[in-house]
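The values are calculated or read from the model by the stated rules, or taken from the named source; none is laboratory data. Note that the structure is predicted; figures quoted are calculated from it, not measured. Here the Cβ positions follow ideal geometry from the backbone for every residue, glycine too, while neighbour counts run over all protein chains shown. Just so you know, the surface numbers come from the protein's heavy atoms only, side chains and all, with ligands and any DNA or RNA stripped out. Shrake-Rupley method; radii C 1.70, N 1.55, O 1.52, S 1.80 Å.
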Amino acid sequence: MAIPIAAVEQSGIDWEVPEEQIGLWQDAWQRFRRNRLAVLGAGIVSFLIVVALLSPILVHFGVLIDPFRQQVEDIQVAPGVGGHPFGTDLLGRDILSRLMLGSQVSLTVGLLVQFIIFPIGLTIGLTSGYFGGRIDNLLMRFTDIWYAFPDLLFVLVVVSVWHLSGPWFIQLIPIFGAIALVNWVGLARLVRGQVLSIKEKEYVEAARSSGSAPLKLILKHLLPNSLGPIIVTLTFGIPQAIFLEAVLSFLGVGIQPPQPTWGQMVNDGYEAIYANPTSVVFPALAIGFTLLAFTFIGDGLRDALDPRMRR
Amino acid sequence: MAVIAGRPRRDALLPRRLAAITDSRLGSLGVYVVRRILWMIPIVFFVIVITFVLMHSASGSPWDKEGGRQLSQVVVDNLNKKYGLDKPIYVQFLLYVWNAVHFDFGLSYQYEGKSVTTLIAEGAPYTMTLGVLAFSLIVPVGITLGVIAALRQNTRVDYATMGFATFGASFPNFVIGSLMVVVFSVFAYKATGGNFFLPASGFGLDDHLIMPVVTLALLPTVFTARLTRASTLETIRQDYIRTAWAKGLPERLVVIRHILKNSLIPVVTTLGPTFAFLVTGSVIVETVFSVPGIGRAFVTAVTSRDYPMILGTTILFSVVIAAANLIVDILYVFIDPRVRLT
Amino acid sequence: MAQTLLQVEDLHTQFYTSRGVVRAVDGVTFHVDVGETLGVVGESGCGKTMTALSILRLVPDPGRITSGRILFRGADVTKMTDEQIRDFRGNDVAMIFQDPMTSLNPVTKVGRQIEEAMTAHERFTETLARGRVVELLKRVRVPAAESRVKDYPHQFSGGMRQRAMIAMGLSNEPAMLIADEPTTALDVTVQAQIIQLMKQLNRELGTAMMLITHNMALVASLCQRIIVMYAGRIVEEGPVEQIFQNPQHPYTWSLLRSVPRVDQARKDRLVSIKGLPPDLSHPPPGCKFHPRCPFVIDRCKVDPEPELEAVGVEQVARCWVLMRNVSEENVEAAKASALSKEAAEKLKAPEVGAAEVGGSAGG
């Protein structure tokens, strides 16, 4: 179809009018903003981040009920009773404050794990794509094998052998490791694909024939082109990671008490399910909506950064 | 020999008979299958190695019951000898592999004297029942929903199905399972005074199956529906569909022979990963609903550090998933005539 | 007296897009007689394909036929029921499409696809149909037809696929065949073969044909009459020889000038029509061709195009100027100005130069 015409030119013969040149990022940002679900997701995530950061402070200053205090007289009370807005769990601990503290773990796992996955995936993908040939073959076979290992099972196995005790962020380390080990394959494949397509472009050939180091050239072109898909992949990795951590906590092999985690809370609540079902519902919904929020953001980013949808 | 336009003569150096065999599609299929089966071996081997290494890198010996009484050294030595833990590690490994090939995965640490194989066999029927039921829910429901949403694109039906799908897909298995229990067991019980509710645990060939199967099947159904919808939408836009309409074919024929036959191809390829998903999902679902299957046995093995059990079930799962992927790959060759097997 | 097979009256087909209403077919009237070959020419986006799709009521969303009549043997296609339209498609009027690679179902055997065209209309039983498929493939010169029937489209070459499509189109002996750019996606040698084939079939079967193309050479060899479309309207219409020798609309004139000719001096450069087809959702004021017209006058920028008026024997065109009113010097000036400055220099001093492939014949 013809290029849209912005103005009628009486004298003009040429109906070609160049499009306004918008940068990729501005364009993406605009598109993202127009995606209501994505914005909603971003809102939820921001809210959670605030909660995660503020909650220890609020507890310290007594605004929130101490999540570790077990009020024996108030076990499994329904929401609203005894000054507990969301009720208490089977040990009499306030659910709302536990819920808020729990966000720390989920967000930390989700976001930080990506920082581990990124270098691993990037390196392997880069190596594979750049060197090509047998190294590429070998690495790709390696990733195929790795892919065959179901992620949840692998994480469970790793966690069963490797556990550190101490404060919760120490305990997280083996979990980080396990999750990262399971999730790097997608990123590596993506990077490799990008490197391969860059290698095929003519200017690399030209540069090579004129003697400049192709590695530098590849890196220079790699980043701007593939930053978009890489960001999308990492963003989709966040709910995956949060999910894995939640399952681990639910099964009792994740972060141990006293630090509350949502998975743990679902498990605890499950034991009290007949007496006080909301103790299951609240953490379950928390997990669900957090995952949903990140998924919306991921979808929104992907659509926003999709070069094919540019006008 | 004439060169048929568009079909170059096969390499004449290959001996005629062999060429006749491998040239035929069936022949190449055989070669392909064999190659893929052989490829499964390094995969499984890799799984065994990794898991084995992990098991044996665990700190402490399996006899250190945390927080319990320490066993005397004599007892520990005897136990070690009994379970073969006193031998050097590579010997243990080779022994293990040898036994594994014979389906002997050793004795469980948890249950005195019970072999891992027995434990697996005991749990198998439950897990398989859930899996088969879930699968038979996923495929028809997922595909039907996806097709309907695609054919009625942008109508309320489409938005409703896909909205529900996205929503459901974001909530993990155990979350959905727990919420279902809350609604259909607890709430229903309270609301109907104990008359109507779904049982929350245990196994039985009755309404005990409903919640676990639905929980297990939900996510894969959603994925399948979404993929079917996307694939069908893409197929509908193709030129050959226009050709089909232009020939004056009835709607039913166009939808089935032209649209679906093409759009379902990518869906079939995801059946392998769907199967894998069912396997890992069973771990969670069986725990939530207290179904005595292999998945739950795996979890208890993990929490009680029953290494032979962990090792055995992991290997089993990996083999099963690899086999499922293989079957799907073979199926794919039959569905898509464009696939080249070399 | 030639009998009219298809009569299209004031057809309007519009698309409702986010950018506005696109008038893809903007009041088109023409007819096709029994056994005749009508050429429909114009650049991409001028509405020729949409006109054809409208005839078969295959206009894709978000478009629809908004007004007009399409009379086939007197019956109005736009008012047919679903049953009737199914009967009509592939049976009374068949269509073959531009790209044979994508126009055939990749997972069904070719023989089956041709067969189903026949069995769908209940004119042949399955066994009869199967036999006929082989016959048809032989007719369109597909070698080894018996074994080819069991092949899949990807095993056919491009030319063979197009032949198969032609076989499919002719399988029910339609009164009219619409061919949309049947040779564009093929390479040159194959193109020639297909053209030969179509000529032959037309002679043998007497099927009427509506040949849509931007390739003037094709039109010259196959058609008796042509209509020239621009921006959704017919701008000129008439018998082939007359149009070629004496085009009256500047657009037709420009199109013909962009055809490379063997007898042209090598130093003559080809001319392309500068600019691009208009955006049909926001067309220019006045005559839609005026921004690109080499002979534009002030009136063209203001008044919309006139109605079609007779400019020769059975030839009509719509233009405020008309080529016959343009002076020789203006014509030469137009030819010259369409060339670059240095090319104009070169024309004065004869030199060997490669012919620029011009032509707005964008695919």
Quiz item: Which residues does a label at C:L205 reach in the range C:32-65, if reach means a backbone N under 16 Å from a point 7 Å past the Cα toward the Cβ?
Solution: C:34-38
Quiz item: Of C:K48/C:K199; C:K138/C:K199; B:K81/B:K114; B:K247/C:K199; C:K48/C:K301; C:K48/C:K109, which ones are farther than 20 Å apart at the Cα?
Solution: C:K48/C:K199; B:K247/C:K199; C:K48/C:K301; C:K48/C:K109
Quiz item: Where a ≥ b ≥ c are the square roots of the eigenvalues of the C-alpha gyration tensor, would you call the range B:221-309 rounded, which needs a/c under 1.5, or, failing that, prolate if a/b is larger than b/c, or oblate?
Solution: prolate
Exercise. Report P(r) for the range C:82-147: all Cα-Cα distances, bin width 10 Å, range 0 to the bin holding the largest distance, values in whole percent.
Key: 19, 48, 31, 2
Quiz item: Helix C:158-170 versus the longest principal axis of chain C: what angle, 0 to 90°, nearest 10, using Cα atoms?
Solution: 70
Quiz item: Can you tell me the Rg and the Dmax, both Å, for the Cα atoms in the range C:21-85?
Solution: 12.4, 36
Practice problem: Could you order C:E122, C:E305 by accessible surface area, starting with the largest, using a probe radius of 1.4 Å? | Solution: C:E122, C:E305
Quiz item: Karplus couplings for the range A:261-274 from phi (6.51 cos²θ - 1.76 cosθ + 1.60, θ = phi - 60°), rounded to Hz, Gly and Pro as x?
Solution: 10, 5, x, 4, 5, 5, 4, 4, x, 4, 5, 9, 5, 6
Practice problem: Could you work out which residue, out of C:E332, C:E236, C:E126, moves most in a Gaussian network model of chain C, that is, has the largest mean-square fluctuation with Cα springs under 10 Å? | Solution: C:E332
Quiz item: Under the definition of partner shielding as Cβ atoms of other protein chains within 10 Å of a residue Cβ, what is the mean value for peptide B:245-257?
Solution: 6
Practice problem: Quote the relative contact order of the range B:228-295 in percent (integer), defining contacts as alpha-carbon pairs under 8 Å separated by 6+ residues. | Solution: 30
Exercise. Work out the charge dipole of the range B:196-279 with +1 on the Cβ of Lys and Arg and -1 on the Cβ of Asp and Glu about the Cα centre, then indicate which of B:F275, B:F223, B:I265 is farthest towards its positive end.
Key: B:I265
Exercise. Would you mind giving the mean number of other chain beta-carbons within 10 Å of the Cβ of each residue in B:46-53, as a whole number?
Key: 3
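With an 8 Å cut-off on Cα pairs and a minimum separation of 6 or more residues, tell me the relative contact order of the range B:187-331 in percent. Could you put the intermediate results ahead of the total?
On the way: 113 pairs, mean separation 34.2, N = 145.
Reported relative contact order: 24 percent.
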Quiz item: With all protein chains present and a 1.4 Å probe, how do A:V105, B:V157 order by accessible area, largest first?
Solution: B:V157, A:V105
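Please express the shape of the range C:115-203 as an equivalent ellipsoid: the semi-axes are the square roots of 5 times the eigenvalues of the C-alpha gyration tensor, given largest first in whole angstrom. Don't jump to the answer; show the numbers that get you there.
On the way: eigenvalues 94, 50, 24 Å².
For the range C:115-203, the semi-axes come out at 22, 16, 11 Å.
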Quiz item: Residue-wise, which Karplus ³J(HN,Hα) couplings in Hz belong to the range A:232-239, taking 6.51 cos²θ - 1.76 cosθ + 1.60, θ = phi - 60°, and x for glycine or proline?
Solution: 4, 4, 5, 5, 5, x, 5, x
Quiz item: Out of the DSSP beta bridges found with both residues in chain C, what percent are antiparallel (nearest 5)?
Solution: 65
Practice problem: Report the label-to-label distance for C:D87 and C:D303 in nanometres (one decimal), using points 7 Å from each Cα along the Cα→Cβ vector. | Solution: 4.8
Self-check item: Positive-pole candidate from B:I335, B:A324, B:G295, dipole of the range B:197-342, charges at beta carbon
Solution: B:I335
Quiz item: Amide H to amide H, which residues 5 or more places from C:I234 or on other chains are under 5 Å from it, using H placed in the peptide plane?
Solution: C:T29
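To the nearest hundred square angstrom, how large is the accessible surface buried between B and A, total for both chains, probe 1.4 angstrom?
Working: alone 20470 and 17320 Å², together 34100 Å².
Approximately 3700 Å², summed over both chains.
Going by a ≥ b ≥ c, the root eigenvalues of the Cα gyration tensor, does the range C:1-141 fall in the rounded group (a/c under 1.5), the prolate group (a/b larger than b/c) or the oblate group?
On the way: a/c = 1.88, a/b = 1.53, b/c = 1.23.
Because a/c hits 1.5 or more and a/b exceeds b/c, the range C:1-141 counts as prolate.
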Quiz prompt | Nearest-10 value in Å² for the accessible area of C:H214, using the 1.4 Å probe | solution = 30
Quiz item: Taking only the alpha carbons of chain C, what extent do you get along each of the three principal axes, in Å, biggest first?
Solution: 67, 48, 46
Practice problem: Evaluate the relative contact order of chain C (contact order divided by residue number), counting alpha-carbon pairs under 8 angstrom at least 6 apart; express in whole percent. | Solution: 19
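Would you mind classifying the range B:125-186 by shape? Square roots of the alpha carbon gyration tensor eigenvalues, ordered a ≥ b ≥ c; an a/c under 1.5 is rounded, otherwise it is prolate if a/b is larger than b/c and oblate if not. Before the final figure, lay out each step's value.
On the way: a/c = 2.99, a/b = 1.45, b/c = 2.05.
Oblate shape, in that a/c is at least 1.5 and b/c is the bigger or equal ratio.
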Exercise. Let me know the volume per residue of the alpha-carbon convex hull for the range C:195-249, in Å³.
Key: 81
Self-check item: Excluding exposed DSSP-loop trypsin sites (Lys or Arg not before Pro) (at most 15 other C-beta within 10 Å), longest clean stretch of chain C
Solution: C:151-260
